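The values are calculated or read from the model by the stated rules, or taken from the named source; none is laboratory data. All values reported here derive from a predicted model rather than from experimental measurement. Neighbour counts run over all protein chains shown; Cβ positions are idealised from the backbone, glycine included. What goes into the accessible areas is simple: the full protein's heavy atoms, side chains included, and nothing from ligands, DNA or RNA. Shrake-Rupley method; radii C 1.70, N 1.55, O 1.52, S 1.80 Å.
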Amino acid sequence: MVIKQWRGILKEFAPFLPITKLTPAITLNEGNTPLVRAMRIPASIGFHGELYFKLEGKNPTGSFKDRGMVVAVAKALESGSQAIVCASTGNTSASAAAYAARAGIKAIVILPHGNVAPGKLAQALMFGASLVEVEGSFDDALVVVRRLANQYQATLVNSINSYRLEGQKTASIEVVEQLGRRFPDFHFIPVGNAGNITAYWSGYKEYLNWLVIGHHAGFRVFLGASSVSLMGVLPRMMGYQAAGAAPIVEGHIIEHPETVATAIRIGNPARWEDATRVVRESKGLIDKVTDEEILYAYKLLATQEGIFVEPASAAPVAGFLKAWREGRVPDGDIVVCTLTGDGLKDPTTALSVANRSVVVPADADYIASLLELPHR
Ligand code: F0G
């Protein structure tokens, strides 16, 4: 048996990335996450197409951020930077702290006090980041971080940093390959700062271009004649915000965003205009789902599919259920949902919505009768 080690984003996707011989080849072997087919949800709603989950929580720090962070930190090192800085709802800070530890540079993370899930706080602290909590929202923290990066010696690694998006786009390339060189018809994804939806769309476009002309130069003329129909190969990008933090859907900044999905508790997305363009180009949609819909999908994924994600990652599944109800998704289509972060990041929400355990004497017969377990 030969098991080949996956070498991480910088090595595996080198032709698609803005890296040079001078870019340090750092890695935590991020990427190559599973694309898992849904087993029970489709039948339960009468959907006969193919539904897949891209498990981005299986990255080294438990979220999709690692794909982009490895590129951003490598480029920061290449430019001689000794410190990185980010605002975060938790996952960006965990990832930044891990790659900074690995690269031997300083990570400064600025978080909205009281609104970061404990698993994410523990990660950033364990990786040795300098962690500062501000009295304010993520949006306030981002304003602070932009000033810090402008006026002091630290490289900003939020998704305003385009190297982040260059790394994150690799997830789309994996999806196409994992589907056997097919593009999905729809791609559902949570929207916070709107960096990831922007990255996925550019990944899909670039990869289509590469498949058609990139490694068969002779096909160039063919693309010229058919570029319009080829656009139809690309998926519709379906972004979902939480109803209490849905600035793009409402069309204005939300001063006090509120949602159980703290990862996407953002009132003024940095990539707002990009997200609007992605929706226009892909003939997609940005919509909102309520906290109730998010928690319903959160439990459904765990109890019907055996997949435990953090609440923000359930938003695209809530979005798919909503879009299916609304008749936006033709039966038989190929649908991919990106599940952005691992469920263990936010045990507090899990314990607050899951079934309770009971404390009883250590007596098998008593427990069997309590659980109504039939005798052999
Ligand atoms: N899902 C999770 C689990 C996230 O952590 C984030 C963003 C998103 C979705 C939304 O992605 O911002 O690219 O639209 N988290 C950022 C952070 C804001 O600081 O960790 P986006």
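Taking the range 250-286 on its own, how many of its residues are charged (D, E, K, R), over 17 Å from the mean Cα position of the chain (by Cα) and not in a loop (DSSP other than H, G, I, E, B)?
The first filter runs over the range 250-286 and keeps only residues charged (D, E, K, R), leaving 250, 255, 258, 265, 271, 273-274, 277, 280-281, 283.
Next cut, over 17 Å from the mean Cα position of the chain (by Cα) only: 250, 255, 258, 273, 277, 280-281, 283.
When the remaining residues are screened for being not in a loop (DSSP other than H, G, I, E, B), the result is 250, 273, 277, 280-281.
Matching residues across the range 250-286 total 5.
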Would you say S81 is open to solvent by less than 40 Å² (accessible area, probe 1.4 Å), of a type outside the set (A, V, I, L, M, F, W, C) and assigned to a loop (DSSP other than H, G, I, E, B)? yes
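Would you be able to say whether some residue in the range 174-188 is of a type in the set (A, V, I, L, M), at pLDDT 95 or above and within 13 Å of the ligand (Cβ to nearest atom)? Before you say what the answer is, go through the steps one by one.
From the range 174-188, those of a type in the set (A, V, I, L, M) are 175-176, 179; that's our starting set.
Pick out the ones that are also at pLDDT 95 or above and you get 175-176, 179.
Still in the list and also within 13 Å of the ligand (Cβ to nearest atom): none.
No, every residue in the range 174-188 fails to be of a type in the set (A, V, I, L, M), at pLDDT 95 or above and within 13 Å of the ligand (Cβ to nearest atom).
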Taking A243, is it open to solvent by 30 Å² or more (accessible area, probe 1.4 Å), within 13 Å of the ligand (Cβ to nearest atom) and either touching a Phe, Trp or Tyr at 6+ places or on another chain (Cβ under 7 Å) or at pLDDT 95 or above (or both)? no
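Could you please find all residues in the range 149-160 being within 13 Å of the ligand (Cβ to nearest atom) and either open to solvent by 20 Å² or more (accessible area, probe 1.4 Å) or touching a Pro at 6+ places or on another chain (Cβ under 9 Å) (or both)?
Keep residues of the range 149-160 that are within 13 Å of the ligand (Cβ to nearest atom), which gives 156-160.
Within the range 149-160, L156, I160 qualify.
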When residues of the range 51-78 are limited to those that are crowded, with 24+ Cβ neighbours inside 10 Å and over 21 Å from the mean Cα position of the chain (by Cα), the one nearest to D333 (Cα to Cα): K75
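Just for helices (runs of 4 or more DSSP H) wholly inside the range 290-376: which have at least 3 residues that are surrounded by fewer than 16 Cβ atoms within 10 Å (Cβ to Cβ)? Steps first, answer last, please.
Numbers: elements: 291-305, 311-325, 347-353, 364-370.
The helices (runs of 4 or more DSSP H) meeting that bar are 291-305, 347-353, 364-370.
If only one of R146, R164 is within 19 Å of the chain's Cα centre (by Cα), outside any loop (DSSP other than H, G, I, E, B), within 15 Å of the ligand (Cβ to nearest atom) and under 20 Å from S88 (Cβ atoms), which one is it?
Working: R146 fails: within 19 Å of the chain's Cα centre (by Cα).
Residue meeting the stated conditions: R164.
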For the range 95-143, how many residues meet the condition of being touching a residue at least 60 places away in the same chain (Cβ under 8 Å) and part of a strand (DSSP E or B)? 1
Can we say Y204 is at pLDDT 95 or above, under 23 Å from N32 (Cβ atoms), in contact with a helix residue (DSSP H, G or I) (Cβ under 6 Å, 6 or more places away or on another chain) and within 12 Å of the ligand (Cβ to nearest atom)? no
